[in-house]
Every structure is written in structure tokens, then in C-alpha cells.
1. Take the conditions under 30 Å from residue 104 (Cα atoms), part of a loop (DSSP other than H, G, I, E, B) and among the polar types (S, T, N, Q) and apply them to residue 239. Does it pass?
2. Return yes when residue 132 is over 23 Å from residue 152 (Cα atoms), open to solvent by 10 Å² or more (accessible area, probe 1.4 Å), at pLDDT 95 or above and in contact with a strand residue (DSSP E or B) (Cβ under 9 Å, 6 or more places away or on another chain) and no when it is not.
3. Would you check which residues across segment 36-59 are assigned to a strand (DSSP E or B) and open to solvent by 10 Å² or more (accessible area, probe 1.4 Å) and list them?
4. Report the residue count in segment 248-275 for those that are part of a helix (DSSP H, G or I), under 30 Å from residue 132 (Cα atoms) and open to solvent by 30 Å² or more (accessible area, probe 1.4 Å).
5. When the residues of segment 97-116 are filtered to those that are open to solvent by less than 40 Å² (accessible area, probe 1.4 Å) and farther than 19 Å from residue 48 by Cβ, which remaining residue is modelled with the lowest pLDDT?
6. Which residues, counting only those in segment 68-101, are among the small types (Gly, Ala, Ser), part of a helix (DSSP H, G or I) and more than 17 Å from residue 151 (Cβ to Cβ)?
7. Any residue in segment 166-180 that is closer than 17 Å to residue 91 by Cβ, surrounded by 19 or more Cβ atoms within 10 Å (Cβ to Cβ) and hydrophobic (A, V, I, L, M, F, W, C)?
8. If residue 119 satisfies every condition in (1) surrounded by 21 or more Cβ atoms within 10 Å (Cβ to Cβ); (2) touching a Gly at 6+ places or on another chain (Cβ under 9 Å); (3) assigned to a helix (DSSP H, G or I) but one, which is the exception?
Amino acid sequence: MNRRTVIGLWSGLALTLASALAAQVAHAAPARSTSSLRVFAAASLSDAFHELGRKLELARPGLKVEFSFAGSQQLATQIEQGASADVFASADERWMRYAEQRGLLAGPSTVFARNRLVVIVPKTNPARIRRLQDLARGGVKLVLGAEAVPVGHYSRIVLRNLAGDPAFGANFATRTLGNVVSQEENVKSVVGKVQLGEADAGIVYRSDVTPAVARYVRVLTIPENANILAAYPIALIKSGKEQDAAKAFVDLVLSTDGQQALERHGLIPVSAAAP
């Protein structure tokens, strides 16, 4: 038997053994199936929901949780227009009702968190805003969420509430709204403009003043009698393709672990039975 024949025999044997081994491995460890859960959530939930998404992925190997964060009005409209979503979490009940009235939900929604508003100004405070009354002063550049955006809707209610206080004056809301230089499509954009010094003040959720943001802004507290307790509802989407994973995510949000995560990120937790 010549050298070439021997080499050929050994090569053939090696290929046979490799094929057999590969077949055994494939049989012993079948490919893990993967799936994607799509969660549409208000921009103010981004930090807390990213944490909960990672937690669910660890509990369900093969599951990938994908988020779309934006203004609740944008998300509700996108879902109505056929965007692929499994879960919708809104920053107010108005846009959840919008989705419900259009038959987009798989069942009733549940309020899972609450939030309050604060006023933020840049750390350098170029407009020298030291109290809420200063928001109505001429020349102040104020940025708010648009009226359709939950935080913008809440902000205008707060301004009207403050106008009912003699310490502010009946025309406080009108004068303050006259200082608005920009209306944003989500609360993160309001935070960004103030943080970068592009505005003298903005109204945002308390939870948006994260440790990273707090380095660049100062906070003015809104009196409780004028403030808003924003409600955050969550629901499954009827057209969602991952109903089981979607329910698991909602259950996680409502669980003790989920509520603690929301609280760590500045939101006010509520039980599943909260009104």
C-alpha cells in the first residue's frame, strides 16, 4: 500500500468520525428556539423597564425583550397603524383608553405605577429661577411636552392649579405658557433641552431626575395640592404574537420584584389592585 493510499484512508476515517461526532452533538444539544417580546412603553419607563427586561430574559432563556420607548401618544398611534407590539405601557390612562376604544387590547389594563411632576432648571440657572412664580417672568425660556404628550397634558393642569393659588395670581398659567419656546414629543426631550442649557426650565416627572441628570439640573418641588399623581397603566396587545411572554412581563411588572425596581428608578409603586 503506497503512501498516498494510506493518507487517503486516514482522511476518510477522520471525516467519518467527525461527521458521527457532529451528529451526536446535534442530537444531544438541539438548537435553542428564540423569540422576541416587543414592549411599547412611555419614555419615562426606559430605565426601569430595561432592568425588568433583562430579568425576564434570564428567567426565560431564548427570549429577547425588545423595547420601543416614546411618547404614549406616538406608541398608541403606531399600534393602531399595525406596528408589531405585545405589551403597551402608557404614562397616562387617556392613551390607554384610546387603544381600548379601538379594540387593540387583549384584556383590561392595570395601573402599575404612579409619578409626580417637578420643575427643573439648568445647574447654572441663567434665568435665575428660584421659585415657581419665576416661570411667569418675561424672557424665561420654558420647554414643555406637547399637549398630546402625557407629561405635557399634566404640566398644563399643574399650571392651572397653581393659578388658583393667590400666591401665583389668576393669570399665572397664561403668562407661563406664553414663555414656552418648545413643545416636545416625549419627556426625555424636555429633560435633554434643560440639561443642555437650551431652555431655562422644564416640567418633567420626578423619576426623570436620575443621578446622571441631577448633576446638571436643579429641582423645584411643586406643592402637593397643585401637583398631579400620574397613573401608568399596562395591557397586552390583542395582535401580539407572544401572549405567554407578554403576560409574564406584565406579571413581573406587578410583582414585588417589579414594584421594587420601579421604586428604585423613582416611580411610585402600586399594587395590582390599586384604584
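The values are calculated or read from the model by the stated rules, or taken from the named source; none is laboratory data. Computed from a predicted model, the values in this text were never measured in an experiment. Cβ: placed from backbone, ideal geometry, glycine included. Neighbour counts: every protein chain shown. Just so you know, the surface numbers come from the protein's heavy atoms only, side chains and all, with ligands and any DNA or RNA stripped out. Shrake-Rupley method; radii C 1.70, N 1.55, O 1.52, S 1.80 Å.
1. Values: under 30 Å from residue 104 (Cα atoms): yes; part of a loop (DSSP other than H, G, I, E, B): yes; among the polar types (S, T, N, Q): yes.
Criteria met by residue 239.
2. Values: over 23 Å from residue 152 (Cα atoms): no; open to solvent by 10 Å² or more (accessible area, probe 1.4 Å): yes; at pLDDT 95 or above: yes; in contact with a strand residue (DSSP E or B) (Cβ under 9 Å, 6 or more places away or on another chain): yes.
Taking the combined requirement at face value, the residue does not satisfy it.
3. Here is the first cut: in segment 36-59, the ones assigned to a strand (DSSP E or B) are 36-42.
Those that are assigned to a strand (DSSP E or B) and open to solvent by 10 Å² or more (accessible area, probe 1.4 Å): 36, 38, 40.
4. Step one: of segment 248-275, the residues part of a helix (DSSP H, G or I) are 248-254, 256-264.
Narrowing the set further to residues that are under 30 Å from residue 132 (Cα atoms) leaves 262-264.
The next check asks that each one be open to solvent by 30 Å² or more (accessible area, probe 1.4 Å); those that pass are 263-264.
The total comes to 2.
5. It comes out as 107.
6. If the condition is that a residue be among the small types (Gly, Ala, Ser), part of a helix (DSSP H, G or I) and more than 17 Å from residue 151 (Cβ to Cβ), then 99 is the only one that fits.
7. The first filter runs over segment 166-180 and keeps only residues closer than 17 Å to residue 91 by Cβ, leaving none.
Scanning segment 166-180, I find no residue that is closer than 17 Å to residue 91 by Cβ, surrounded by 19 or more Cβ atoms within 10 Å (Cβ to Cβ) and hydrophobic (A, V, I, L, M, F, W, C), so the answer is no.
8. Every condition holds for residue 119 apart from (3).
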